[in-house]
Amino acid sequence: MKIAFIGYGNVGAPLASHLQRLGHEVILAANDVSSESVQRALARNGGLRVATPKEAVSAAEVVFLATPFQANAAALQAVGEELKGKILVDCTNPVGPGLSHGLNNEQSGSEMVQKLAPESKVVKAFTIYGFENFENNAYPAYNVKPMMLYCGQDAAARTTVGELIAQLGWEPVDVGGLEQALHLEHMTLLWIRMVRVNGYSPHMVWAMLKR
Ligand SMILES: NC(=O)c1ccc[n+]([C@@H]2O[C@H](COP(=O)([O-])OP(=O)(O)OC[C@H]3O[C@@H](n4cnc5c(N)ncnc54)[C@H](OP(=O)(O)O)[C@@H]3O)[C@@H](O)[C@H]2O)c1
């Protein structure tokens, strides 16, 4: 599958690298090929391709958005029409002062992303854990896979993203439409507080047990 990345820092680079190693064609959307973040991503995995933002998104079937939340509008505006009909995997989180919800719990960040890119199919995923779990998510001491919760309005887009999640070694858990994104964003805040404030290891994820 052809996958473009807008943003390849802590979150985007390990996901891009992992997907490339799985055999996908992964293209970094870059205004400046010589920028430090492009060079760091290429140093991590020389198999990543680089193209201008419009070229990268136009070539891709799936686009990952992994930018600081405040940069989302500018990043999406830069690729504009190219997002029409594409699956947009929103990895971003609105985090406000004191680890509060950045949009005052009134609207999720992903619903805002959907408004910014109305013709794309937004699926929120890869947001509920820290970046430390995105290139290597193996927890070999347990007999279950860690779960990755995801949501989005378009069922076919959720299926595609669920397949990518499974390929990356997670138990994909489809939690429904984009109205669930606000709840995922609160799970993110919970994880951040547990790990970054309360001292849990960042190598801590959740699993789903069913009977
Ligand atoms: N950190 C985590 O553990 C974690 C976990 C899950 C989700 N998230 C969410 O994931 C998102 C990215 O976090 P991160 O920690 O990966 O951030 P980061 O390391 O700062 O990386 C951000 C990336 O976005 C790019 N970028 C910044 N402004 C841009 C713009 N206007 N247009 C295009 N690209 C732009 C940066 O490129 P340059 O370096 O060239 O500016 C960089 O590649 C955030 O929304 C965060 O809330 C973070």
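Here is how the numbers come out for the structure above:
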| item | result |
| --- | --- |
| Residue selected from the range 22-38 under the condition surrounded by 13 or more Cβ atoms within 10 Å (Cβ to Cβ) and assigned to a helix (DSSP H, G or I), by the criterion farthest from the ligand (Cβ to nearest atom) | V38 |
| Unmet criterion (only one of (1) exposed (fewer than 12 other Cβ atoms within 10 Å of the Cβ); (2) touching a residue at least 12 places away in the same chain (Cβ under 8 Å); (3) within 23 Å of L15 (Cα to Cα)) for P202 | (1) |
| Residue in the range 57-76 that is surrounded by fewer than 18 Cβ atoms within 10 Å (Cβ to Cβ), within 14 Å of the ligand (Cβ to nearest atom), at pLDDT 95 or above and part of a loop (DSSP other than H, G, I, E, B) present | yes |
| Yes/no for L19 being in contact (Cβ under 8 Å) with a residue 24 or more places away in the chain and in contact with a strand residue (DSSP E or B) (Cβ under 6 Å, 6 or more places away or on another chain) | yes |
| Count - residues of the range 79-93 that are in contact with a strand residue (DSSP E or B) (Cβ under 8 Å, 6 or more places away or on another chain) and either part of a helix (DSSP H, G or I) or modelled with pLDDT under 95 (or both) | 2 |
| Lone unmet requirement of (1) in contact (Cβ under 8 Å) with a residue 40 or more places away in the chain; (2) closer than 18 Å to H183 by Cβ; (3) in contact with a helix residue (DSSP H, G or I) (Cβ under 8 Å, 6 or more places away or on another chain) for Q153 | (1) |
| Count of the range 118-156 residues which are surrounded by fewer than 20 Cβ atoms within 10 Å (Cβ to Cβ), within 22 Å of Q77 (Cβ to Cβ) and not acidic (D, E) | 2 |
| Conditions (1) within 10 Å of the ligand (Cβ to nearest atom); (2) out of contact with any helix residue (DSSP H, G or I) (no Cβ under 9 Å at 6 or more places or on another chain): number failed by T52 | (1) |
| Condition met for K2 (more than 8 Å from the ligand (Cβ to nearest atom), without any contact (Cβ under 8 Å) to a residue 60 or more places away in the chain and not acidic (D, E)) | no |
| Matching residues in the range 96-117 - criterion: being surrounded by 14 or more Cβ atoms within 10 Å (Cβ to Cβ) and either without any contact (Cβ under 8 Å) to a residue 60 or more places away in the chain or touching a Phe, Trp or Tyr at 6+ places or on another chain (Cβ under 7 Å) (or both) | G102, L103, G109, M112, V113, L116, A117 |
| Residue check for L15: near the ligand (Cβ under 10 Å from one of its atoms), outside any strand (DSSP E or B) and farther than 18 Å from L76 by Cα | yes |
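The values are calculated or read from the model by the stated rules, or taken from the named source; none is laboratory data. This structure is a prediction, so every number in the text was calculated from the model and none was measured. Here the Cβ is made from the backbone with ideal geometry for all residues, glycine too, and neighbour counts use every protein chain on show.
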